[in-house]
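I have placed the structure first, in the form of structure tokens, so that the comments after it can refer back to it.
The values are calculated or read from the model by the stated rules, or taken from the named source; none is laboratory data. Model, not experiment: these values are computed from the prediction. Quick reminder, even Gly has a Cβ in these numbers, built from the backbone with ideal geometry, and neighbours come from all protein chains shown. When the accessible area is computed, the model is the full protein with side chains, heavy atoms only, and any ligands, DNA or RNA have been set aside. Shrake-Rupley method; radii C 1.70, N 1.55, O 1.52, S 1.80 Å.
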Amino acid sequence: MTAGSVVDVEQTVVAIGSSNMPAPRGVVRLSGPRVVEIASRLGIRARDTKVAHSIETNVDLGEPLGEVPVRALIWPTPRSYTGQPSMELHTIGSLPILNAVVAAAIGAGARAARPGEFTLRAFLAGRLDLTQAEAVLGVIDAEGRGALDHALRQLSGNLSRPIEQLRDQLLDLLADVEAGLDFVDE
């Protein structure tokens, strides 16, 4: 994202969530308040429930692709990575098919996500702290095993956990100092 760009987290966004390389399976992710509505417009009938669930179905991508099989993983409540209703569409890992699924979702009311927008939404929802959000980029950009291991440790909270413990200890000490000032005669 560019400096000064505004992200509207009330819009539902879509992006390819897997590698652009050919693979047996590819993933398209959606996040935002209209996920269930957009799923319905794609022909995916989410269960009337408030719990995460999956559905095996097909999505019609029009000519020449026709219907493709998808497994829709649906989080209809904010209990997801981004802290918003979310959906992953697992299908054939062909880039033209994945692009067609993204285009279909955009046609159904989503907008294309900006790079890093899913992680930004997770950060804004309090699902990740800043060091973990930065670690996501480190995992993506890792060119060797050492860099990947470092980013994964950072993502799991190895940096932020000790800082949180120090913060808690400092707050306890501050509370003791304030109590000592308030109750100086006791």
- Would you point out which residue out of Val70, Val102, Val59 is outside any strand (DSSP E or B), crowded, with 19+ Cβ neighbours inside 10 Å, of a type in the set (A, V, I, L, M, F, W, C) and out of contact with any His (no Cβ under 6 Å at 6 or more places or on another chain)? Val102
- Could you name every one of the helices (runs of 4 or more DSSP H) located completely within the range 112-162 that has at least 3 residues being modelled with pLDDT under 80? 130-141, 145-155
- Message: As an exercise: evaluate Pro96 against (1) surrounded by fewer than 18 Cβ atoms within 10 Å (Cβ to Cβ); (2) in a strand (DSSP E or B) and give the number of the one condition it does not meet.
- Response: (2)
- Query: Name the residues in the range 19-49 that are without any contact (Cβ under 8 Å) to a residue 60 or more places away in the chain, assigned to a helix (DSSP H, G or I), open to solvent by less than 20 Å² (accessible area, probe 1.4 Å) and of a type outside the set (Gly, Ala, Ser), would you?
  - Reply: Val35
- Tally the residues that are at positive phi and within 17 Å of the chain's Cα centre (by Cα), restricting the search to the range 98-128. 2
